[in-house]
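Undergrad: Handing you a structure now.
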Amino acid sequence: MKKYLNTKIPPPIVTLLCIGIIYLFDIQIEYSEPDLKVVGIIFLILGLIIIFSAVLKFIKTKTTVDPTRPYKTSNLVISGIYKITRNPMYLGMLFLIMAYAIYNNNVIGCIIIPIFIFYINKFQIEPEEIEMRKKFGESFENYCKKVNRWL
């Protein structure tokens, strides 16, 4: 089954599914601390900034943004936001899920967030990294030694 799911479901769809599940299972937690809506908004803004800066970098570098076809990658992008994380688009999507869960004080986010990370690692990032190793060899290996997968 692992091979079947590799890069098949676009990560934005996975992100929306995760947010949808959090929405459907509206189990709120009461905080004794001040309202965390502001924290949710901060994660939303950060997530959007990270995603847009990563996409713009791909466009400027003239490589594919399509996560379902990593074999179409034409350039190894290692500058800008890619100096901080190898997967800023997925990190941004994670922040969007976190933003929604935090903003709504929803405990289901505590379950969905690790599931999202596992799924994206296993079925998106690992297959992409295999393709990057094939295409860019030692350059990609050196990049992996300098920059973490998430943060």
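The values are calculated or read from the model by the stated rules, or taken from the named source; none is laboratory data. This one's a predicted model, so the numbers in the text were calculated from it and none came from an experiment. When we count neighbours, we look across all protein chains shown, and the Cβ atoms used for this are built from the backbone with ideal geometry, even at glycine.
Undergrad: Are any residues in the stretch 71-83 among the hydroxyl-bearing types (Ser, Thr, Tyr) and not in a loop (DSSP other than H, G, I, E, B), and if so, which ones?
TA: Let us first name the residues in the stretch 71-83 that are among the hydroxyl-bearing types (Ser, Thr, Tyr), namely 71, 73-74, 79, 82.
The answer is 71, 82.
Undergrad: Could you count how many residues in the stretch 98-145 are basic (Lys, Arg) and without any contact (Cβ under 8 Å) to a residue 12 or more places away in the chain? Even if it seems obvious, please write down each step before you answer.
TA: The first filter runs over the stretch 98-145 and keeps only residues basic (Lys, Arg), leaving 122, 133-135, 145.
Remaining after also requiring without any contact (Cβ under 8 Å) to a residue 12 or more places away in the chain: 133-134, 145.
Selection size over the stretch 98-145: 3.
Undergrad: Further question: Please verify whether residue 20 is surrounded by 13 or more Cβ atoms within 10 Å (Cβ to Cβ), at pLDDT 95 or above, out of contact with any Ser or Thr (no Cβ under 8 Å at 6 or more places or on another chain) and in a helix (DSSP H, G or I), treating the condition exactly as stated. Give the steps one after another, and end with the answer.
TA: On the way: surrounded by 13 or more Cβ atoms within 10 Å (Cβ to Cβ): no; at pLDDT 95 or above: yes; out of contact with any Ser or Thr (no Cβ under 8 Å at 6 or more places or on another chain): yes; in a helix (DSSP H, G or I): yes.
Considered against the rule, which asks whether it is surrounded by 13 or more Cβ atoms within 10 Å (Cβ to Cβ), at pLDDT 95 or above, out of contact with any Ser or Thr (no Cβ under 8 Å at 6 or more places or on another chain) and in a helix (DSSP H, G or I), residue 20 comes out as no.
Undergrad: Now, a different point. Out of the residues in the stretch 112-143 meeting the condition of being loosely packed, with under 15 Cβ neighbours inside 10 Å and among the hydrophobic types (A, V, I, L, M, F, W, C), tell me which one is farthest from residue 7 (Cα to Cα).
TA: Going through the qualifying residues, I end up with 115.
Undergrad: When both residues are 6+ apart or on different chains and their Cβ atoms are under 7 Å apart, which pairs have a first residue that lies in the stretch 53-82 and is among the aromatic types (Phe, Trp, Tyr), and a second that is outside any loop (DSSP other than H, G, I, E, B)?
TA: 71/131; 82/57; 82/88
Undergrad: Right, another one. Would you check if there is a residue in the stretch 25-38 being buried (at least 20 other Cβ atoms within 10 Å of the Cβ) and either among the aromatic types (Phe, Trp, Tyr) or assigned to a helix (DSSP H, G or I) (or both)? Write out each step before concluding.
TA: If we filter the stretch 25-38 for residues that are buried (at least 20 other Cβ atoms within 10 Å of the Cβ), which is where we start, we get none.
Within the stretch 25-38 (the criterion being buried (at least 20 other Cβ atoms within 10 Å of the Cβ) and either among the aromatic types (Phe, Trp, Tyr) or assigned to a helix (DSSP H, G or I) (or both)), the answer is no, since none of the residues qualifies.
Undergrad: For the stretch 84-110, what are the residues that are under 13 Å from the mean Cα position of the chain (by Cα), surrounded by fewer than 20 Cβ atoms within 10 Å (Cβ to Cβ) and part of a helix (DSSP H, G or I)?
TA: If the condition is that a residue be under 13 Å from the mean Cα position of the chain (by Cα), surrounded by fewer than 20 Cβ atoms within 10 Å (Cβ to Cβ) and part of a helix (DSSP H, G or I), then no residue fits.
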